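Asks: This is the structure, below, for whatever I ask next.
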Amino acid sequence: MSKTKRKGFLKVTFLLTVSFFTLVIYRATHYGDIETKSKDALRIGYVNLNKSSVREADMEMMANADCDIWLLAEWNGDNLPQRFVEEGGYAIVYEYVDDFTYGFLVLAKPERMLASKLFDEDGGPYACNYQKVAVHHPDYLIGFLHAPPPVPSCNYETDNYIKDALDAFRETANNQILIGDFNALPFGKSYEMIVAEEFADAFAGAKIGEGTFGFCPILPKLLRVDYCFIKGNITVERKYRFPLRSSDHGGLIVDLMIND
């Protein structure tokens, strides 16, 4: 290859690379508007809060989404203002406060008639012993999960946690929903185990860059580690990602039709 052709090739390669990463970052930082849900849909919102308090603009967006249920990981008692609960008319269905990252908070509109408890308490113990929360309704069952990250300090037990959750959740209800921080990529073993149990990824088809995790709050959320999976007679009506500027995670909102 001549010097001129080589320079031309490198220039084209550079431009294509820049264009690709520009597109990926654009996808990671642009979110669709959240529409008003239909009256028959179940709207679930989920996010990993991180330790900092949710900013006013983000809290307003979350309030306007008018979710029936909010599932909030890493709840430390201070990272979501109490008035979000009060003004939204939510009841606290489950709460576990922790100053590190083990906290859980489940909020729901009272008319949803939900109950909640821990499940698979015999699973583990894990080096990073995150809970598994079951949210019960007569027509469906939600498993709210926060898997240990695949790091040495947590003994790389992500897959073990997911497997134990799947084993405990199996055949508990006809309509099942798994949602939370799975700390697993879409091509990893944990993801494959979930799909093998006939769960469908509610956000399947997400493009490169349409992720939920960005390592720190100021970075684009490029990686998918937070999911909503459905099983049974459930269909997805709408789905949204949303930003949370105080967290290294973005959030998910999904409108589900629970069919008879």
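Asks: Does any residue in the stretch 65-87 that is at negative phi come within less than 6 Å, Cβ to Cβ, of a residue that is at pLDDT below 95 and β-branched (Val, Ile, Thr) six or more places away or on a different chain, and which pairs are these?
Replies: Every condition considered, the pairs that remain are Ala65/Ile34; Leu80/Val54.
Asks: Sort out which residues of the stretch 211-229 are aliphatic (A, V, I, L, M) and either under 13 Å from the mean Cα position of the chain (by Cα) or within 12 Å of Asn48 (Cα to Cα) (or both), and write them in order of number.
Replies: Leu223, Val225
Asks: Can you name every one of the strands (runs of 3 or more DSSP E) wholly within the stretch 111-181 that holds 3 or more residues which are modelled with pLDDT under 95?
Replies: Once the strands (runs of 3 or more DSSP E) in the stretch 111-181 are filtered for at least 3 residues that are modelled with pLDDT under 95, what remains is 115-118.
Asks: Next question, about the same structure. Step by step: first the residues of the stretch 20-47, then only those that are in contact with a Gly (Cβ under 8 Å, 6 or more places away or on another chain) and at pLDDT 90 or above, then the one that is farthest from Asp226 (Cα to Cα). Which residue is that?
Replies: The residue in question is Gly45.
Asks: For Ala202, indicate whether it is among the aliphatic types (A, V, I, L, M) and in contact (Cβ under 8 Å) with a residue 24 or more places away in the chain.
Replies: It is true that Ala202 is among the aliphatic types (A, V, I, L, M) and in contact (Cβ under 8 Å) with a residue 24 or more places away in the chain.
Asks: Taking the stretch 88-128 only, how many residues are on the phi < 0 side of the Ramachandran plot and either touching a Pro at 6+ places or on another chain (Cβ under 6 Å) or not hydrophobic (A, V, I, L, M, F, W, C) (or both)?
Replies: At the first step, the residues of the stretch 88-128 found to be on the phi < 0 side of the Ramachandran plot are 88, 90-112, 114-119, 121-123, 125-128.
Checking which are either touching a Pro at 6+ places or on another chain (Cβ under 6 Å) or not hydrophobic (A, V, I, L, M, F, W, C) (or both) leaves us with 88, 90-91, 94-96, 98-99, 101-103, 109-112, 116-117, 121-123, 125-126, 128.
So the count comes out to 23.
Asks: Same structure, new question: Give the residue that is nearest to Leu141 (Cα to Cα), with candidates limited to residues of the stretch 204-260 that are surrounded by fewer than 20 Cβ atoms within 10 Å (Cβ to Cβ) and small (Gly, Ala, Ser).
Replies: Here the residue is Gly232.
Asks: Follow-up question, since we're still on this one. Please enumerate the residues belonging to the stretch 213-250 that are in a strand (DSSP E or B) and touching a Phe, Trp or Tyr at 6+ places or on another chain (Cβ under 6 Å).
Replies: Initial filter on the stretch 213-250 (in a strand (DSSP E or B)): 213, 223, 226-231, 234-242, 249.
Listed by number, the residues that qualify are Leu223, Tyr227, Phe229, Lys231, Lys239, Arg241, Phe242, His249.
Asks: Looking at the stretch 174-190, I want the residues that are over 21 Å from Leu42 (Cβ atoms) and have a partner that is assigned to a strand (DSSP E or B) and at pLDDT below 95 with Cβ atoms under 9 Å, at least 6 apart or on another chain. Which pairs are those?
Replies: Cβ pairs passing all conditions: Asn183/Phe213; Leu185/Leu223.
Asks: How do the pairs read when you match residues in the stretch 103-122 that are free of Cβ contacts under 8 Å to residues at least 12 places away in the same chain with residues anywhere that are part of a strand (DSSP E or B), using Cβ under 9 Å and keeping only pairs 6 or more apart or on different chains?
Replies: Listed pairs, sorted by first residue: Glu121/Lys132.
The values are calculated or read from the model by the stated rules, or taken from the named source; none is laboratory data. Values in this document were obtained by computation on a predicted structure and should not be read as measured data. Glycine gets a Cβ as well: all are built from the backbone with ideal geometry, and neighbour counts include every protein chain shown.
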